[in-house]
Amino acid sequence: MRTTLPLLITGLCLSVMTPACKNKESVVESTNVVEEVPAATPDRYGGPTPADSLFFSLERTPCFGQCKAYRIRIYRSGYAIYEGSSFVEKVGTFEGRVSADTMALLLRKAEEVQFFGMQDKYDSQVTDLPSTIIRVVANANDKKVIGRVGTPAAFKALAAYADELVFPLPWMPHAPTE
């Protein structure tokens, strides 16, 4: 106990005296640094305007069969809208909140799969297949990719990951505006 107190005081003094990097925050668990996470800056998520702008959207379009059709939009503030239209558990318009951690995970996955370097469209003359449309607006980038035929596995992985993160949210029915 006597040796841990001086170490604890030394650690606290060092953490107070050491300046933090301007664009990074450390995620700290007890005395171990777990991971460097980019700090949330106003233009990191969404467009350059200060208003609540779109950060991420995922849309799956209908087909001639039983394809799930829905659209999810996530805004800079974490506000989210889900619109389910066919072959989904929730049909209609719902709203929810996405945490900053979830937004960071979505952006990290988009960067990991090199979303901003993908083609704008993966398509052909086939008309009865559903499309997956993803748009990410972050870090001064605004990229929309339409995937229907010949879609890369990385694009499909991003869509599946977004589904995993966002579908479990507690979606509440959206109150219509008059």
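Of all the residues that make up segment 154-167, how many are at pLDDT below 95 and surrounded by fewer than 14 Cβ atoms within 10 Å (Cβ to Cβ)? So that I can check it myself, show each step before the final result.
To start, the set of residues in segment 154-167 that are at pLDDT below 95 comprises 167.
Keeping just the survivors that are surrounded by fewer than 14 Cβ atoms within 10 Å (Cβ to Cβ) gives none.
Result for segment 154-167: 0.
Given the criteria crowded, with 17+ Cβ neighbours inside 10 Å, over 15 Å from the mean Cα position of the chain (by Cα) and either in a loop (DSSP other than H, G, I, E, B) or not assigned by TED's automatic domain parsing to the domain that holds Thr61 (or both), does Thr151 qualify?
Values: crowded, with 17+ Cβ neighbours inside 10 Å: yes; over 15 Å from the mean Cα position of the chain (by Cα): yes; either in a loop (DSSP other than H, G, I, E, B) or not assigned by TED's automatic domain parsing to the domain that holds Thr61 (or both): yes.
Against the criterion (crowded, with 17+ Cβ neighbours inside 10 Å, over 15 Å from the mean Cα position of the chain (by Cα) and either in a loop (DSSP other than H, G, I, E, B) or not assigned by TED's automatic domain parsing to the domain that holds Thr61 (or both)), Thr151 qualifies.
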Residue list for segment 138-148, restricted to those being under 19 Å from Leu105 (Cβ atoms) and either assigned to a loop (DSSP other than H, G, I, E, B) or modelled with pLDDT under 95 (or both):
Ala138, Asn139, Asn141
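Need at least 1 residues that are modelled with pLDDT of 95 or more per element, so show me which strands (runs of 3 or more DSSP E) inside segment 1-103 make the cut, counting only ones lying wholly within it.
54-60, 69-75, 79-86, 92-97
The values are calculated or read from the model by the stated rules, or taken from the named source; none is laboratory data. Just so we're clear, the structure is a prediction, and the values are computed from it rather than from any experiment. Because the Cβ atoms are built from the backbone with ideal geometry, glycine has one as well, and the counts that use them run over all protein chains shown.
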